[in-house]
Amino acid sequence: MPKLNLSNNAVEILKKRYLKKNDEGKVVEKPEDLFKRVANNIALADAKYILREEIQYLENSLNQEYFDVVNTSEFKNLLRKNRKAKKQIEKTEKEFYNLMANLDFLPNSPTLFNAGRSLQQLAACFVLPVEDNLDSIFKSLHYAAKISKSGSGTGFNFSHLRPKNDVIESVTGFSSGPLSFMKIFDAVTEQIKLGGLRRGALMGILRVDHPDIEEFVTSKSQKKVLENFNISVAVTDKFMEAVRKKKNYDLINPRTQKKVREESAEKIFNLICEIAHKTGDPGLIFLDKINKDNPTPKLGPLESTDSCGEQPLLPYESANLGSISLSNMVKNGNIDFNKLKSTVNTAVHFLDNVIDMCHYPAPETKEIVYKNRKIGLGVMGFAEMLIKLRIPYNSDKAVKIAEKIIYFIRKEADNASMDLAKERLAFPSWEDSIYNGKGKVKPMPLRNATRITIAPTGSISIIADTSFGIEPLFALTFMQVLDDGTELLTVDKHFKETLKKINLYNAEFMKYIAKKGT
């Protein structure tokens with residue numbers, strides 16, 4: 001097994017957030033133990049397909065879900081009797097361990113936190129529905145609290161809630177509007193942190209034609225409001241056309257589906273831009289675009305994304321993500337496409353296994369996840385890869401490299417998913433998907449309805465000691481501040497090596513630049 005080569009910051013963040021602790025808060029797990037725990041747990045999903053009938057019998061007779069069955073003596077006895085299955089799982093475990101230990105690929109944080117532990121909630125992305133009644137609102141709030149506890153994020157579309165001061169016939173009162181309920185979700189999330197170290201994140205979405213859109217757009221321009229939310233305006237092609245032609249558009253009451261008044265599209269769009277420039281929120285979600293690319297349109301429209309916006313999902317749906325370190329795919333100044341292909345294949349296998357090993361917080365989530373089996377394979381270390389290739393980030397050549405790499409990853413992920421489908425069958429809703437060969441897309445018997453997601457990478461980039469996601473280096477030296485206030489001095493390793501060669505590196509000087517430099 002490969003020897004771990006972790007940076008000081010990686011070790012520190014693993015201790016703070018990821019490694020097991022005892023009741024006194026003392027760390028009782030080493031980094032290599034974490035990777036072994038995760039690799040072992042995720043590899044166990046293989047048995048579900050190698051020993052289908054036996055596993056089905058165990059699940060029924062023990063009345064337990066698969067992720068619990070694997071911890072029983074009956075399951076362990078089953079593996080002892082089936083040496084072929086045991087050998088296959090050990091092989092997979094070794095592949096998964098090497099993948100993570102070499103820092104070529106890391107799964108999303110909840111998998112690192114929870115695999116092989118009591119929560120066993122492994123997905124990072126969730127979407128929950130919010131309908132215009134208290135039962136739906138507080139049901140989603142209950143599940144959102146459980147998701148936040150596991151270190152994951154949730155997205156909501158609040159557009160179905162009636163506007164502020166709208167009538168409530170059952171109590172002859174008036175509605176407080178979507179913003180008031182968003183503040184309740186925000187307050188609950190504020191109180192729930194995983195081990196006191198990782199705050200859950202939320203996405204709040206409102207349609208641009210909702211009567212409360214102006215209040216929504218400006219909500220985060222006030223301090224201490226919706227601090228746990230990213231917010232996005234759901235815009236339509238019709239609205240964007242009205243902006244282009246400088247026309248008015250209709251605001252619709254979602255309760256009655258009737259026009260309330262007209263508003264200037266240009267005014268609202270300019271307001272969105274102004275507030276986004278000022279505060280970073282709101283973003284935009286293009287409803288017609290994401291539904292044009294919806295892989296399972298017969299199961300319903302896409303209305304929301306997860307908390308960071310990278311994964312559009314159906315109501316109650318979730319997905320698990322993972323990222324390949326592109327920096328590790330460079331060898332002797334060139335991209336090693338053979339290594340990248342191998343990494344993609346193993347990563348798709350890993351992410352599909354995560355689906356079967358995950359304890360979903362809501363039965364509705366398990367049902368829709370098993371139907372579509374969405375995964376999101378992404379990348380990190382793109383900027384560092386370009387540095388190794390000696391290509392400027394802001395160049396046409398960098399754009400062409402990005403296109404070439406993501407095309408290659410997409411193609412290989414599709415192939416890996418189809419290979420899995422030969423052994424494990426296509427995702428159950430495949431017949432109702434765009435891949436069934438009855439539409440514009442050629443027939444593709446895939447295991448997973450989605451395969452690729454370009455997600456932001458924070459903590460896992462620090463663990464992998466590479467640049468964040470597909471972003472440029474925003475600084476050569478900076479202070480990373482953890483939720484508990486711990487400061488980690490981060491110096492780009494290539495910058496550090498260069499300074500050391502000319503005897504100019506000094507840690508205190510780097511710290512000064514990180515805090516006060518330009």
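The values are calculated or read from the model by the stated rules, or taken from the named source; none is laboratory data. Since we're looking at a predicted model, the values are computed, not measured. For neighbour counting, all protein chains shown are included, and Cβ atoms are generated from backbone atoms with ideal geometry for every residue, glycine included. Ligands, DNA and RNA are excluded from the accessible area calculation, which covers all protein heavy atoms including side chains. Shrake-Rupley method; radii C 1.70, N 1.55, O 1.52, S 1.80 Å.
Among the residues of segment 387-402, is there at least one that is under 23 Å from the mean Cα position of the chain (by Cα), of a type outside the set (Lys, Arg), under 27 Å from GLY309 (Cβ atoms) and crowded, with 19+ Cβ neighbours inside 10 Å? Taking every residue of segment 387-402 in turn, none turns out to be under 23 Å from the mean Cα position of the chain (by Cα), of a type outside the set (Lys, Arg), under 27 Å from GLY309 (Cβ atoms) and crowded, with 19+ Cβ neighbours inside 10 Å.
Look at ASN328 and say whether it is open to solvent by 40 Å² or more (accessible area, probe 1.4 Å) and more than 26 Å from ALA421 (Cβ to Cβ). It would help to see each step written out before you state the result.
Values: open to solvent by 40 Å² or more (accessible area, probe 1.4 Å): yes; more than 26 Å from ALA421 (Cβ to Cβ): yes.
In short, yes.
Annotation for segment 213-229: no member residue is of a type outside the set (D, E, K, R), open to solvent by 60 Å² or more (accessible area, probe 1.4 Å) and either under 29 Å from ARG373 (Cβ atoms) or not in a loop (DSSP other than H, G, I, E, B) (or both). Within segment 306-323, being surrounded by fewer than 24 Cβ atoms within 10 Å (Cβ to Cβ) and in contact with a helix residue (DSSP H, G or I) (Cβ under 8 Å, 6 or more places away or on another chain) holds for LEU314, PRO315, TYR316. The C-beta contact set for segment 1-17 (first residue farther than 10 Å from ILE463 by Cβ, second residue in a loop (DSSP other than H, G, I, E, B), distance under 7 angstrom, 6+ apart or interchain) comprises PRO2/ASN102; LYS16/LEU197; LYS16/LEU482; LYS16/ASP484; LYS16/THR486. Of all residues in segment 104-123, at least one satisfies being touching a helix residue (DSSP H, G or I) at 6+ places or on another chain (Cβ under 8 Å), buried (at least 19 other Cβ atoms within 10 Å of the Cβ) and among the acidic types (Asp, Glu). The number of residues in segment 44-60 that are without any contact (Cβ under 8 Å) to a residue 60 or more places away in the chain and either within 14 Å of VAL354 (Cα to Cα) or out of contact with any helix residue (DSSP H, G or I) (no Cβ under 7 Å at 6 or more places or on another chain) (or both) comes to 6.
Of the residues LYS146, LYS238, the single one that is modelled with pLDDT of 95 or more, under 22 Å from THR305 (Cβ atoms) and assigned to a helix (DSSP H, G or I) is LYS238.
Is it true that LYS374 is surrounded by fewer than 22 Cβ atoms within 10 Å (Cβ to Cβ) and not hydroxyl-bearing (Ser, Thr, Tyr)? In short, no. Among the candidates MET100, MET1, the residue that is loosely packed, with under 15 Cβ neighbours inside 10 Å and closer than 28 Å to VAL379 by Cβ is uniquely MET1. Within segment 213-242, residues that are farther than 20 Å from VAL188 by Cβ have Cβ atoms under 6 Å from residues that are open to solvent by 10 Å² or more (accessible area, probe 1.4 Å) and among the hydroxyl-bearing types (Ser, Thr, Tyr) in these pairs: SER221/THR279; PHE239/TYR249; ALA242/TYR249, counting only partners at least 6 apart in sequence or on another chain.
For beta carbons closer than 6 Å, sequence separation of 6+ or different chains, a first residue in segment 295-323 that is on the phi > 0 side of the Ramachandran plot and a second that is open to solvent by 40 Å² or more (accessible area, probe 1.4 Å) and charged (D, E, K, R), the qualifying pairs are TYR316/GLU364.
Out of the residues in segment 4-29 that are open to solvent by less than 60 Å² (accessible area, probe 1.4 Å) and either among the basic types (Lys, Arg) or on the phi > 0 side of the Ramachandran plot (or both), which is modelled with the lowest pLDDT? Here the residue is GLY25.
Check every one of the helices (runs of 4 or more DSSP H) wholly within segment 414-518 and list those with 2 or more residues that are under 26 Å from the mean Cα position of the chain (by Cα) and surrounded by 13 or more Cβ atoms within 10 Å (Cβ to Cβ). If you could, list the steps in order and put the result at the bottom.
Working: elements: 459-464, 493-501, 507-516.
Passing ranges, in order: 459-464.
For segment 97-120, the set of residues classified as in contact with a Lys or Arg (Cβ under 7 Å, 6 or more places away or on another chain) and in a helix (DSSP H, G or I) consists of TYR97 only.
Is it the case, given these coordinates, that VAL217 is under 29 Å from the mean Cα position of the chain (by Cα) and under 30 Å from ASP23 (Cβ atoms)? So VAL217 does not fit the description; no. Per the conditions (1) modelled with pLDDT of 95 or more; (2) in contact with a helix residue (DSSP H, G or I) (Cβ under 6 Å, 6 or more places away or on another chain); (3) open to solvent by less than 30 Å² (accessible area, probe 1.4 Å); (4) closer than 22 Å to PHE158 by Cα, the sole criterion not satisfied by LEU287 is (2). The lone criterion from (1) modelled with pLDDT under 95; (2) part of a helix (DSSP H, G or I); (3) open to solvent by 50 Å² or more (accessible area, probe 1.4 Å) left unmet by LYS94 is number (1).
So is LYS515 over 25 Å from MET385 (Cβ atoms), in contact (Cβ under 8 Å) with a residue 24 or more places away in the chain and not hydrophobic (A, V, I, L, M, F, W, C) or not? So LYS515 fits the description; yes. The residue that is nearest to LEU119 (Cα to Cα), counting only those in segment 344-368 that are over 16 Å from the mean Cα position of the chain (by Cα) and open to solvent by less than 10 Å² (accessible area, probe 1.4 Å), is MET357. Would you be able to tell me the number of residues in segment 241-263 that are open to solvent by 40 Å² or more (accessible area, probe 1.4 Å), touching a helix residue (DSSP H, G or I) at 6+ places or on another chain (Cβ under 7 Å) and part of a strand (DSSP E or B)? Summing the residues that are open to solvent by 40 Å² or more (accessible area, probe 1.4 Å), touching a helix residue (DSSP H, G or I) at 6+ places or on another chain (Cβ under 7 Å) and part of a strand (DSSP E or B) in segment 241-263 gives 1. In segment 380-404, the residues that are over 25 Å from SER459 (Cα atoms) reach residues that are open to solvent by 80 Å² or more (accessible area, probe 1.4 Å) with C-beta atoms within less than 8 angstrom, at least six apart or across chains, in these pairs: ILE391/LYS397. Examine segment 135-156 for a residue that is open to solvent by 10 Å² or more (accessible area, probe 1.4 Å) and within 19 Å of LEU251 (Cβ to Cβ), and state whether such a residue exists. Looking through segment 135-156, none of the residues is open to solvent by 10 Å² or more (accessible area, probe 1.4 Å) and within 19 Å of LEU251 (Cβ to Cβ).
I want to confirm something. Restricting to segment 264-276 and keeping residues that are without any contact (Cβ under 8 Å) to a residue 12 or more places away in the chain and open to solvent by 50 Å² or more (accessible area, probe 1.4 Å), which single residue is nearest to GLN222 (Cα to Cα)?
Of everything passing the filter in segment 264-276, GLU274 is nearest to GLN222 (Cα to Cα).
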